[in-house]
1. Please state the shape class of region 31-114: rounded when a/c is under 1.5, otherwise prolate if a/b exceeds b/c and oblate if not, all from the C-alpha gyration tensor.
2. Give the long-range amide H neighbours of residue 137: residues separated by 5 or more places, or on another chain, with amide H under 5 Å away, using H modelled in the peptide plane at 1.01 Å from N.
3. Ignoring ligands, DNA and RNA, please state the percent of accessible area on region 58-105 from carbon and sulfur, probe 1.4 Å.
4. Whole-Å semi-axes of region 60-99's equivalent ellipsoid, largest first, each the root of 5 times a Cα gyration tensor eigenvalue?
5. For residue 224 and residue 100 in one chain, what is 0.36 nm times their gap in residues minus the Cα-Cα distance, to one decimal in nm?
6. Residue separation times 0.36 nm, minus the C-alpha to C-alpha distance between residue 193 and residue 163: what's the value?
7. How large, in Å, is region 73-150 by the Kirkwood hydrodynamic radius built from its alpha-carbon pairs?
Amino acid sequence: MILVPLLLMGCGSSPSRISEPRDPLEPFNRAVFRFNSDFDKAFLQPIAKGYRAITPAPVERGVTNFFANISDVTSVVNNILQFKMSRAGSDVGRLFINSTVGVFGFVDVATNVGLPSYKEDFGQTLGYWGLDSGAFIMLPFLGPSSVRDAFGDVGDLFTDPLFHLGPLYGFDEEHVYWGLIALRAVDRRANYLTTTQILEDAALDPYILLRDAYLQRRHYRVHDGNPPDLGDGEDFWDDIDFDD
């Protein structure tokens with residue numbers, strides 16, 4: 001218990017102590033990180049806190065489940081692209097059960113019957129086929145990413161059902177589409193309120209903590225929870241359960 005805060009402080013107390021080869025754009029990334037942090041504190045956090053304050057917990061959980069169910073469509077496609085057919089079948093099963101018995105996904109019945117959620121994305125698919133993550137980049141408004149994952153985000157747009165709801169259901173009014181996009185963003189931000197507080201309290205340099213956690217988590221997910229040794233010796237993040 002005493003060592004954990006010390007380790008976290010050590011991660012962020014000296015930004016220039018070690019040059020991170022995966023972050024050649026660090027000065028630019030830090031500037032974008034500051035912009036994102038200021039924008040988040042001024043606009044997104046107040047909206048997310050207000051949303052959480054007025055939304056009953058069961059309703060908020062149902063909204064989160066609804067958007068998680070939609071994202072299983074992207075997971076199905078990427079599991080097929082990685083030839084992980086058993087996982088793709090599990091995702092299809094989740095979609096069917098949650099969209100029917102779970103009332104359009106508002107209730108996560110599939111998890112309760114033993115169908116895990118894999119949430120594969122196109123960035124993971126590119127990594128699976130050997131494409132290196134490339135340089136770490138901090139995207140305005142969107143947050144931490146990498147060159148590979150930024151291209152992956154573009155690919156995921158084509159499998160995101162929200163981007164096809166208008167033509168599919170005849171939504172002529174754009175406010176319906178953008179309303180769903182905004183609701184998903186606010187709900188996602190509300191789910192990370194506690195994480196933000198931990199990030200701000202855990203390290204003297206939240207940027208380094210966020211960068212290292214992101215890169216380690218993506219490496220972990222690309223290799224389905226069993227990543228090869230990076231050759232850097234012991235890593236503090238090896239003890240973190242990124243699935244939790």
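The values are calculated or read from the model by the stated rules, or taken from the named source; none is laboratory data. All values reported here derive from a predicted model rather than from experimental measurement. Just the protein is used for accessible areas: all its heavy atoms, side chains included, with ligands, DNA and RNA removed. Shrake-Rupley method; radii C 1.70, N 1.55, O 1.52, S 1.80 Å.
1. oblate
2. Hits under the 5 Å cutoff: 145, 146, 147.
3. 80
4. Its equivalent ellipsoid spans semi-axes of 21, 10, 6 Å.
5. Roughly 41.8 nm would be gained on extension.
6. 8.2 nm
7. So the Kirkwood estimate lands at 13.8 Å.
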